[in-house]
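The values are calculated or read from the model by the stated rules, or taken from the named source; none is laboratory data. None of the values given here were measured: they were computed from a predicted structure. With ideal geometry, Cβ positions are generated from the backbone for all residues, glycine too; neighbour counts draw on all protein chains shown.
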Amino acid sequence: MERVILSNRFVNELRSLPEEVLSLRKAMDERHFGGYTTLNIIQLSHLQNDVCRHQLQQNLGSLIPVMYEEMKNALSQQLAQCDTQNWQTANVYRTVLGSVAQVTSRAFVGLPLCRDPKWLETAIGYTGDVFAVSQDLRDKHWLARPFIYIFLQSRKRLQARVQAGRSMLIPLLKARAEQLPEKPQSDLLQWMTESARGADKAPYRLSDKILFLCLASIHTSSSTAVHILYDLCQYAEDCVPVLREEITRIIAENGLTLASINKMKKLDSFLKESQRINHPGTLAFNRKVVKPITLSNGVGLAPGSFISMPSAEIARDPANYTNPEEFNPWRFEQKRNASQSEANKHQFVSTSVESLPFGMGKFACPGRFFAAGMIKILLIILITQYEFQFPGEQKKRPINSYLDERIAPSTTQAMKFRRVSQ
Ligand code: HEM
């Protein structure tokens, strides 16, 4: 659909506008035909955002050991055929996606459901089904869409997926309600139940909101992690020993806690540089204009129009980054070390005019702290407990694929893994 592409110099004047004027949720709903794809769930309330911004962030410290345990479990299953003697060749995308889905699910719905293959298939598959329906309807006339929709195979798959989610989550929600308040669990399902008001209290609504959060988190986090792993493999000789030293030193001093993960500046810098070069998409800060807006240069934005910013180009603009095409793993660490005032900027989770992969302002991704923690735990385990390399003579990471405005890592690349410790 038509989009007004704006320079990032307007981001500061737009970032704080209320939803009634400039809306992320309306844009997402309408761009992906929310009434057909179920994405209209995000407009019904802010629950999905509130719980990520509050309870998920506040509990991140206590989730770290839980996520570590779950990631170790997931990786030992995904990479079950390797040990200290034998290499296993594995598809990277599937390995990371499976592990990220399991760890995310541990934080969202807890044990034992997070390890249930039927749940994992639902949590992973829902995203693909939503975007398949959206894709199937995109080029059809709006008048024809209701009829075409009825006959879509993708609609059948999506509806079956939503039903499967409900059939697993609703009994769990009911069981939780009966146990309360004696045995409150520390997971997203619990926090959603506690925070839900009005119509959000309905079990089917909570179930659908959890599925939406799976869509917001699993593929985004795993694609980011896959890019990082490809970069780490390409630059292994220079970077892995440096990262291993930082990780083992900090864990030896403080154990594996959120505070110690936050001290790993080189690891954080590596993540951010990989994401800078491999943006999740060509565009970000996607919004729908709801009420008329006049920009500081006098240009008017009409209600009903959709805006975006070219975030992938912004991240490679020499005005924003020195030698922008060069992969400099310690770029952001150097920026943070440059002065006291910069020390807390340039982190993987920091949003800024030059760094928009998590959006910016009032509606910037509320799950990015969780995503950062999970991806770092994955890397900490792989760097300290495994060796990895591309197969054969391959030295360079695979190229990315561009599909519409999406930028995706290779889903077919394999890597060899071997354990260095049990
Ligand atoms: C590396 C992984 C991720 C990326 C790249 C990402 C990216 C984004 C972006 C670009 C937005 C829109 C922000 C804006 O335009 O200002 C967003 C919104 C959102 N993200 Fe993320 N995200 C990631 C992981 C997660 C995770 C792990 C969660 C949940 C735990 C999550 C939950 C959400 C929610 C709830 C919203 C907003 C929906 C609303 O306001 O209703 N995201 N994300």
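Being assigned to a helix (DSSP H, G or I), at pLDDT 95 or above, of a type outside the set (F, W, Y) and touching a His at 6+ places or on another chain (Cβ under 8 Å) is the requirement here; does V162 meet it? For V162, the condition - assigned to a helix (DSSP H, G or I), at pLDDT 95 or above, of a type outside the set (F, W, Y) and touching a His at 6+ places or on another chain (Cβ under 8 Å) - is not met. Restricting attention to the range 1-34, and to residues there that are farther than 19 Å from A312 by Cα, charged (D, E, K, R) and more than 13 Å from the ligand (Cβ to nearest atom), which single residue is surrounded by the fewest Cβ atoms within 10 Å (Cβ to Cβ)? That would be E20. Is the range 45-57 home to any residue that is within 13 Å of the ligand (Cβ to nearest atom), touching a strand residue (DSSP E or B) at 6+ places or on another chain (Cβ under 8 Å) and part of a helix (DSSP H, G or I)? No: zero hits. Taking the range 14-34 as the range and being in a helix (DSSP H, G or I) and under 15 Å from L215 (Cβ atoms) as the test, the residues that pass are L24, R25, M28, D29, R31, G34. Applying a threshold of 6 Å to beta carbon distances and a minimum spacing of six or more residues, or different chains, the list of pairs starting in the range 277-288 at a residue that is closer than 14 Å to E354 by Cα and within 10 Å of the ligand (Cβ to nearest atom) and ending at one that is of a type in the set (G, A, S) and part of a helix (DSSP H, G or I) reads H279/S311; H279/A312; A284/S311. Taking the conditions (1) exposed (fewer than 15 other Cβ atoms within 10 Å of the Cβ); (2) at pLDDT 95 or above; (3) hydrophobic (A, V, I, L, M, F, W, C) in turn, V130 satisfies each one other than (1). Looking at the range 35-44, which of the residues that are part of a helix (DSSP H, G or I) and crowded, with 16+ Cβ neighbours inside 10 Å is nearest to the ligand (Cβ to nearest atom)? That would be I42. Looking only at the range 64-79, decide whether some residue is modelled with pLDDT under 95 and assigned to a loop (DSSP other than H, G, I, E, B). No: zero hits. Within the range 289-320, the residues that satisfy the criterion of being more than 13 Å from F10 (Cβ to Cβ), within 16 Å of the ligand (Cβ to nearest atom) and of a type in the set (A, V, I, L, M, F, W, C) are V290, F306, A312, A315. When Q413 is tested against (1) within 13 Å of the ligand (Cβ to nearest atom); (2) touching a Pro at 6+ places or on another chain (Cβ under 7 Å), exactly one condition is not met: (1).
Scan the range 133-155 residue by residue and report those that are of a type in the set (A, V, I, L, M, F, W, C) and either buried (at least 19 other Cβ atoms within 10 Å of the Cβ) or part of a helix (DSSP H, G or I) (or both). The answer is V133, L137, F147, I148, I150, F151.
Note on the range 350-393: among residues that are near the ligand (Cβ under 10 Å from one of its atoms) and over 14 Å from the mean Cα position of the chain (by Cα), the one that is surrounded by the fewest Cβ atoms within 10 Å (Cβ to Cβ) is K362. Beta carbons closer than 7 Å, at least 6 apart along the sequence or on distinct chains, pair a first residue in the range 44-58 that is over 11 Å from L189 (Cα atoms) with a second that is more than 9 Å from the ligand (Cβ to nearest atom) and small (G, A, S) for L47/S195; L47/A196; D50/S195. Does S167 count as more than 16 Å from the ligand (Cβ to nearest atom), crowded, with 18+ Cβ neighbours inside 10 Å, modelled with pLDDT of 95 or more and in a helix (DSSP H, G or I)? No; evaluated as a whole, the condition is false for this residue. Among the residues making up the range 331-349, those that are crowded, with 16+ Cβ neighbours inside 10 Å and either touching a residue at least 40 places away in the same chain (Cβ under 8 Å) or part of a loop (DSSP other than H, G, I, E, B) (or both) are R331, F332, E333, R336, H346, Q347, F348, V349. Regarding the range 54-72, can at least one residue be identified that is surrounded by fewer than 20 Cβ atoms within 10 Å (Cβ to Cβ), under 27 Å from S154 (Cβ atoms) and either of a type outside the set (A, V, I, L, M, F, W, C) or over 16 Å from the mean Cα position of the chain (by Cα) (or both)? There is no residue in the range 54-72 that is surrounded by fewer than 20 Cβ atoms within 10 Å (Cβ to Cβ), under 27 Å from S154 (Cβ atoms) and either of a type outside the set (A, V, I, L, M, F, W, C) or over 16 Å from the mean Cα position of the chain (by Cα) (or both).
For the range 354-376, which positions are modelled with pLDDT of 95 or more and assigned to a helix (DSSP H, G or I)? Of everything in the range 354-376, those that are modelled with pLDDT of 95 or more and assigned to a helix (DSSP H, G or I) turn out to be R368, F369, F370, A371, A372, G373, M374, I375, K376.
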